Amino acid sequence: MKTRIFDFTIMGGDQRQVWLARLLADRGFRICQYELPEGLPKDQYPLCSCTEEALTCSSFILAPLPLSSHIFSIPVSEFSSFLSEDQIFFAGKIPSCFRDPTTKQGIPFFDYMEDESLTLYNTIATAEGVVTLAALNSPRNLHKSQCLVLGYGKCGRRLAALLTGMFCHVTVCARNPAALTEASLSVPQVIDFSSLPDALEHATFDFIFNTIPAPVFGKACLRLLNSQTAIFDIASAPGGIDFASAAQLGISARLCPGLPGKYAPLSSAQAMEKMILSHIAPSVPQNKKISERK
């Protein structure tokens, strides 16, 4: 087993990674950094010179969420060539080009987005982030506004609840009958997608929030909107809105990726830290250094 110089390598990503490095350092862990969006003091967080060094010098590798959000000098598909069985790799939305060879080599890894608690917490930061974005980029109040939420999965539920708590008039549009029934218990109006054109024609929505990662809101729907309607898409890229048609029609539509890292990086990093520590040493107090655990 190779002796590792550091406990954690924090590499790439957004401000969540910066805060994660600080949180782990505060616990006494030995941290090195590589291509973070904000450079940390090199005397406390030594800088790796290359991707190969970043992948080999620590016991635990903390890569971005999503992993594809950062382009390293070595393709993700080749990461396993530099990892070994005594390491653990963490990242978000890990692609099969990493999973397959890494699994064959017996290298343990964990995907942030497959952790139920972390995923649920992520919806809080996402919902708060898009509401903040909407408030900052609209000339009207959210209070008492007409809001349409497309989709009622984890993010849709959290967003609809937050908007309702802000006294918005919320309409939820979803395909799943069970989701519509659930939504009807907490929001004043629910519709399915077959009723969406009629709803758009007879109602004026101030804000539309899409949570569905599929093309669900095309030119036909966009033509029915008031030009003052603001659309915010929090689904995975490329989102569910026809952005080209929205631009042609003069309708404000934004794709809003990575909201937790932009609007709540510390809180998001705290949730990530909790998940990481639970996997690396579930039965050991979390205020001990790794070197003390061996």
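Here are some notes:
- Over the C-alpha atoms of the chain, the Rg to Rh ratio, Rh being the Kirkwood estimate, stands at 1.05.
- Stokes-Einstein D for segment 145-294, Kirkwood Rh over Cα pairs, 20 °C, 1.002 mPa s (µm²/s): 124
- Net charge of Cβ neighbours under 12 Å - reference Asn210; Lys, Arg +1; Asp, Glu -1: -1
- Residue-by-residue Karplus 3J(HN,Hα) for segment 197-203, coefficients 6.51, -1.76, 1.60, Hz, glycine and proline x: x, 5, 5, 5, 6, 10, 10
- Helical segments meeting 27 Å axial Cα length and Kyte-Doolittle 0.5 threshold in the chain (DSSP H): 116-136
- Environment charge at Ile241 (Cβ cut-off 14 Å; Lys +1, Arg +1, Asp -1, Glu -1): +1
- Residue-by-residue Karplus 3J(HN,Hα) for segment 223-231, coefficients 6.51, -1.76, 1.60, Hz, glycine and proline x: 5, 8, 8, 5, 5, 8, 5, 10, 10
- Rounded if a/c under 1.5, otherwise prolate or oblate - segment 12-70, Cα gyration tensor axes: rounded
- FRET efficiency for the Ala203 to Ala244 pair, using the beta carbon distance and R₀ = 41 Å, is estimated at 0.95.
- Area accessible to solvent at Lys262, 1.4 Å probe radius, in Å²: 130
- For segment 26-116, the Kirkwood estimate of the hydrodynamic radius, built from every pair of different alpha carbons, is 13.8 Å.
- Rolling a 1.4 Å probe over the protein heavy atoms of the chain, with every protein chain left in place, gives an accessible area that is 53 percent carbon and sulfur.
- In units of the compact-protein estimate 2.2 N^0.38 Å, segment 95-226 shows a Cα radius of gyration of 1.26.
- Accessible surface area normalised per residue over segment 152-294 is 50 Å², counting heavy atoms of protein chains with a 1.4 Å rolling probe.
- For segment 1-157, the calculated P(r) over all alpha carbon pairs, in 5 Å bins from 0 to the bin holding the longest distance, is 2, 8, 15, 19, 16, 13, 10, 7, 5, 3, 2, 0, 0 percent.
- Around Leu120: net Lys/Arg minus Asp/Glu count, Cβ-Cβ under 12 Å: +1
- Dividing the summed helix terms, -39500 (n - 2.57) for each DSSP H run of n ≥ 4, by the number of residues in the chain produces a 222 nm estimate of -10500 deg cm²/dmol to the nearest 500.
- A 1.4 Å probe run over segment 71-135, with the rest of the protein chains in place, finds 45 Å² accessible per residue.
- Here the Karplus curve 6.51 cos²θ - 1.76 cosθ + 1.60, taken at θ = phi - 60°, turns the phi angles of segment 28-37 into couplings of x, 6, 8, 10, 10, 10, 8, 6, 6, x Hz, with x standing for Gly and Pro.
- Surface accessible to a 1.4 Å probe, Arg16 within the full protein complex, Å²: 10
The values are calculated or read from the model by the stated rules, or taken from the named source; none is laboratory data. This structure is a prediction, so every number in the text was calculated from the model and none was measured. Please note: Cβ atoms are built from the backbone with ideal geometry, for glycine as well, and neighbour counts cover all protein chains shown. Ligands, DNA and RNA are stripped out before the accessible areas are found, and what is left, the full protein with its side chains, is counted by its heavy atoms. Shrake-Rupley method; radii C 1.70, N 1.55, O 1.52, S 1.80 Å.
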